[in-house]
Amino acid sequence: MPRPPWVDAIYNRATDLILLVIFLAGLVAVLGLGMNRLAGHRYFTPIRLTILAMMTGFVGWWGQGQLSIATPLAVIRTLYEGGSYAFLLYDPFSLVIWAVTLLGFVLWGRGLFCGWLCPFGAMQEFAHHIGRFLRLPQIEPSQVWDDRLKWVKYAVLAGLVALIFTAPARLDKAIEVEPFKTAITTFFIREWYYVAYAAGLLLLSMVLFKGFCRYVCPLGAAMAIGGLLRGRKWIERRADCGSPCQLCRVKCNYGAIKKTGEIQYSECFQCLDCVTIHDSPDLCVPLILAAKRGRSLQKVAAE
Ligand code: SF4
Ligand code: SF4
């Protein structure tokens, strides 16, 4: 009896799937069991960039595992029009990443996918580092504009969902708002305007930190909505966070920390920068002040 096509799909990609499962299980284990140790590691940035390079190279370009808003839209369309969901099974590589992303929603919110598993997100982070290395001036929208622009991605997502019901034939073109097909699926080899768009977003990221992720990406908006499943507040805070200390808020490149010190998990990409600061006696201002006070008291006691 012939095997069903989805079983064939698994067999055809057996080696890639095994490597992917090992890689993702390792990453989730490290983040789940040793996140604070990782954030405090003196080689944290090179380690993170190595993981992101694997995401781009192995998961993105080699494995073609860049998730896309096309999948949730296809699910909504099938719900609306009826039909089979079997299409989800034909790409087991992406299915594994979706499964881990769903687990990430519960454990950390959107951060696991957007901060660690998205190949194009990783490419933008590399672009940012290149921009910093070249000492390019950095644009940082004011708080007011940042708050406004963050809503654009939800509007883009709502527009795509509306197309399902109003003009489904246009959906394929509209999804190109994601540069993923250009940057990952076709390796930048297609019509010049798609290439210009994807490359332009990467150039933009050299001066505006992950501008596409923060303001435009409809998949990121869907991930933020999925992140509402988050079951816990995983970023530790002190009483001084927000009042008076603002260091983590200022250092968070994603603008995901409010003035009050509260974390806006829907914008948090799990970059761990604030975790590094929180745990470091050399960086966390309340810890530095407490240590200074301790030293002064010791001095007074000794006199
Ligand atoms: S916001 Fe979009 S491009 Fe950025 S990491 Fe998330 S899914 Fe990827
Ligand atoms: S610095 Fe910002 S984005 Fe990074 S983990 Fe902290 S809150 Fe999240």
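Count of segment 183-230 residues, restricted to those that are aromatic (Phe, Trp, Tyr) and more than 13 Å from ligand 1 (Cβ to nearest atom), is 6.
Considering segment 74-101, and only residues there that are over 20 Å from the mean Cα position of the chain (by Cα) and small (Gly, Ala, Ser), the residue that is surrounded by the most Cβ atoms within 10 Å (Cβ to Cβ) turns out to be 74.
For beta carbons closer than 7 Å, sequence separation of 6+ or different chains, a first residue in segment 26-45 that is more than 21 Å from residue 232 (Cβ to Cβ) and a second that is surrounded by fewer than 12 Cβ atoms within 10 Å (Cβ to Cβ), there are no qualifying pairs.
One residue stands out among those in segment 224-256 that are assigned to a helix (DSSP H, G or I) and either of a type in the set (Ser, Thr, Tyr) or within 13 Å of ligand 2 (Cβ to nearest atom) (or both): the one that is nearest to the chain's Cα centre (by Cα), which is 224. Residues in segment 106-134 that are without any contact (Cβ under 8 Å) to a residue 12 or more places away in the chain and charged (D, E, K, R): 132 only. Restricting 71, 56 to residues that are under 17 Å from the mean Cα position of the chain (by Cα), part of a helix (DSSP H, G or I) and within 29 Å of residue 234 (Cβ to Cβ) narrows the list to 56. Screening residue 286 against (1) in a helix (DSSP H, G or I); (2) of a type outside the set (A, V, I, L, M, F, W, C); (3) at pLDDT 95 or above leaves a single unmet condition, (3). Scanning segment 114-143 for residues that are out of contact with any Leu (no Cβ under 9 Å at 6 or more places or on another chain) and over 15 Å from residue 214 (Cβ atoms), we see that the one that is nearest to ligand 1 (Cβ to nearest atom) is 132. Are any of the residues in segment 186-204 modelled with pLDDT of 95 or more, touching a helix residue (DSSP H, G or I) at 6+ places or on another chain (Cβ under 9 Å) and farther than 24 Å from residue 63 by Cα? The answer is yes; a qualifying residue exists. Of all residues in segment 114-129, those satisfying the criterion of being more than 13 Å from ligand 2 (Cβ to nearest atom) and assigned to a helix (DSSP H, G or I) are 117, 119, 120, 122, 123, 124, 126, 127, 128, 129. Contact annotation: residue pairs with Cβ atoms under 8 Å, 6 or more positions apart or on different chains, pairing a residue in segment 86-99 that is of a type in the set (Val, Ile, Thr) with a partner that is loosely packed, with under 15 Cβ neighbours inside 10 Å, are 96/21. In the set (1) in contact with a His (Cβ under 9 Å, 6 or more places away or on another chain); (2) hydrophobic (A, V, I, L, M, F, W, C); (3) within 16 Å of ligand 1 (Cβ to nearest atom), the condition left unmet by residue 53 is number (1).
Checking the conditions here, which among 173, 153 is closer than 26 Å to residue 195 by Cβ, in a helix (DSSP H, G or I) and away from ligand 2 (no atom under 16 Å from the Cβ)? Only one candidate qualifies: 173. For segment 21-41, the tally of residues that are surrounded by 14 or more Cβ atoms within 10 Å (Cβ to Cβ) and under 24 Å from residue 10 (Cα atoms) stands at 4. For segment 28-35, the condition of being touching a Ser or Thr at 6+ places or on another chain (Cβ under 7 Å), in a helix (DSSP H, G or I) and within 30 Å of residue 273 (Cα to Cα) holds for none of the residues.
The values are calculated or read from the model by the stated rules, or taken from the named source; none is laboratory data. This is a predicted model, so every value here is computed, not measured. Note: ideal-geometry Cβ built from the backbone for every residue, glycine included; neighbour counts use all protein chains shown.
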